[in-house]
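Have a look at the structure below before the remarks.
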Amino acid sequence: MDVDLPESLENLKLFHGGPVQESALSFLHGDPLMKSGQGNVLPDLSVGHDVEELAALGRGLTLARKIRVFAGYAGWAPGQLDDEMRRESWLLH
């Protein structure tokens, strides 16, 4: 599927999301003007994976809206994260 992204997205930095499926696209987007509670991660922050949704966000881009685009993701095998937590590989906050 080919989707033309709007010019407003042309200069966005592409971040490395992780070593798994580096051709997969994910994006975080937030807007302080978003209606409270609309985010699917936090009240004013959402994650998406659909390039058509990204294009629609780009067509409505405002100075207040923030978008970060990631290629790839970090993934865990069953039990891997639990093992890493036991070994204190992560800092909890």
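The values are calculated or read from the model by the stated rules, or taken from the named source; none is laboratory data. This one's a predicted model, so the numbers in the text were calculated from it and none came from an experiment. Positions of Cβ are backbone-derived with ideal geometry, glycine not excepted, and every protein chain shown enters the neighbour counts. Side chains included, ligands, DNA and RNA excluded: accessible areas come from the protein's heavy atoms. Shrake-Rupley method; radii C 1.70, N 1.55, O 1.52, S 1.80 Å.
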Practice problem: Out of L25, L9, L5, report the one residue that is over 13 Å from K66 (Cα atoms) and more than 13 Å from the chain's Cα centre (by Cα). | Solution: L5
Quiz item: assigned to a loop (DSSP other than H, G, I, E, B) and either at pLDDT 90 or above or among the β-branched types (V, I, T) (or both), is that true of V47?
Solution: no
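Yes/no per residue for (1) open to solvent by less than 50 Å² (accessible area, probe 1.4 Å); (2) part of a loop (DSSP other than H, G, I, E, B):
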site: L5; (1), (2): no, yes
site: N11; (1), (2): no, yes
site: Q21; (1), (2): no, no
site: S26; (1), (2): yes, no
site: P32; (1), (2): no, yes
site: L57; (1), (2): yes, no
site: L92; (1), (2): no, yes
Exercise. Could you list, in sequence order, all residues of segment 60-90 that are over 13 Å from the mean Cα position of the chain (by Cα), surrounded by 12 or more Cβ atoms within 10 Å (Cβ to Cβ) and within 16 Å of F27 (Cβ to Cβ)?
Key: L61, R65
Practice problem: Specify the residue that is farthest from V69 (Cα to Cα); the eligible residues are those in segment 34-51 that are charged (D, E, K, R) and surrounded by 10 or more Cβ atoms within 10 Å (Cβ to Cβ). | Solution: D44
